[in-house]
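Reviewing the structure listed below.
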Amino acid sequence: MKKAVFSGSFDPITKGHEYIVRQALPLFDEIIVAIGVNIMKKNTFTLEQRLEWIRDVFSDCPNVKVKHYEGLTVDFCKDNSASFIIRGLRGATDLEYESTIAEANKKINDEIETVFFLTDPSLRCVSSTVVRDLIKHNHPIDEFVPKVVADNYKQQL
């Protein structure tokens, strides 16, 4: 069974995240979308809210599981019998950053391979940081996030 992990804070999940998972679906029997929990980091949305949104976004995909973890992603992969880490690339800066992490992960556990997916060009500007900034300044987020996140945001206004 080919199992992969797509990890992040997903604070919140964006259309870019969704695009990467849906691109990866045909290649893997199971994808775990894993929220990495860092107790030192202040998130905008609760862990429960982020888990719920991700489950909703991929409710049509029975081979997508949603979990959370603390610690290193390679350790989470090993604990969940995943041999692949999925990473999305928006451009050259992401490639530089992500390739460094992939190399470090390979040194920690050489049985886990990182697979890179390019995002759709129309989503290159999309990031959770941009979305949080839009929210902070009361701007619409519909074109950046899945419908469930946008609808939830509108209800809070």
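Below is a table of values for the structure above.
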read-out: Gain upon complete extension [Thr44, Glu96; 0.36 nm per residue less C-alpha separation]; value: 16.0 nm
read-out: Mean residue ellipticity (222 nm) of the chain, computed from DSSP H runs ≥ 4 via -39,500 (n - 2.57), nearest 500; value: -12000 deg cm²/dmol
read-out: Percent carbon-and-sulfur accessible area, the chain, ignoring ligands, DNA and RNA, probe 1.4 Å; value: 52 percent
read-out: Top of Ile13, Ile86, Ile135 by mean-square fluctuation, Gaussian network on the chain, Cα under 10 Å; value: Ile135
read-out: Gaussian network model of the chain, Cα within-10 Å springs - most flexible of Glu113, Glu48, Glu103; value: Glu48
read-out: Charge dipole (debye, nearest 20) of the chain; +1 at Cβ of Lys and Arg, -1 at Cβ of Asp and Glu; value: 240 debye
read-out: Average projection area in nm² (convex hull over Cα atoms of segment 15-87, one quarter of hull surface); value: 5.1 nm²
read-out: Stokes-Einstein D (µm²/s) once Rh is taken as the Kirkwood radius of the chain over alpha-carbon pairs, at 10 °C in 1.306 mPa s; value: 99 µm²/s
read-out: For segment 120-129, 3J(HN,Hα) per residue [Karplus equation, 6.51 cos²θ - 1.76 cosθ + 1.60, θ = phi - 60°, Hz, x = Gly/Pro]; value: 4, x, 5, 10, 4, 7, 8, 8, 4, 4
read-out: Under 5 Å, built H, 5+ apart or other chain: amide partners of Ser7; value: Ala34, Ile86
read-out: ³J(HN,Hα) computed for each position of segment 50-64 - Karplus, 6.51 cos²θ - 1.76 cosθ + 1.60, integer Hz, glycine/proline x; value: 5, 4, 4, 4, 5, 4, 5, 4, 10, 4, 8, 10, x, 8, 9
read-out: Sites matching trypsin sites (Lys or Arg not before Pro) across segment 39-148 that sit in DSSP coil, with at most 12 neighbouring C-beta atoms within 10 Å; value: Lys41, Lys42
read-out: ³J(HN,Hα) computed for each position of segment 133-140 - Karplus, 6.51 cos²θ - 1.76 cosθ + 1.60, integer Hz, glycine/proline x; value: 5, 4, 4, 4, 9, 6, 9, x
read-out: Summed side-chain charge close to Lys147 - residues other than Lys147 whose Cβ falls under 15 Å, Lys, Arg +1, Asp, Glu -1; value: -3
read-out: Selection from Cys125, Gly36, Tyr153, by position along the positive dipole direction of segment 28-157 (Cβ); value: Tyr153
read-out: Spatially proximal lysines relative to Lys65 (Cα-Cα < 18 Å; intrachain offsets below 8 disregarded); value: Lys2, Lys3, Lys15, Lys78
read-out: Nearest 10 degrees, 0 to 90: helix 15-24 Cα axis against the chain principal axis; value: 30 degrees
read-out: Amide proton proximity set for Glu113, modelled H, under 5 Å, gap of 5+; value: Phe84, Ile85
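The values are calculated or read from the model by the stated rules, or taken from the named source; none is laboratory data. All values reported here derive from a predicted model rather than from experimental measurement. Ideal geometry is used to build each Cβ from the backbone, glycine not excepted, and the neighbour counts take in all protein chains shown. Note: accessible area is taken over every heavy atom of the protein model, side chains too, but ligands, DNA and RNA are not part of it. Shrake-Rupley method; radii C 1.70, N 1.55, O 1.52, S 1.80 Å.
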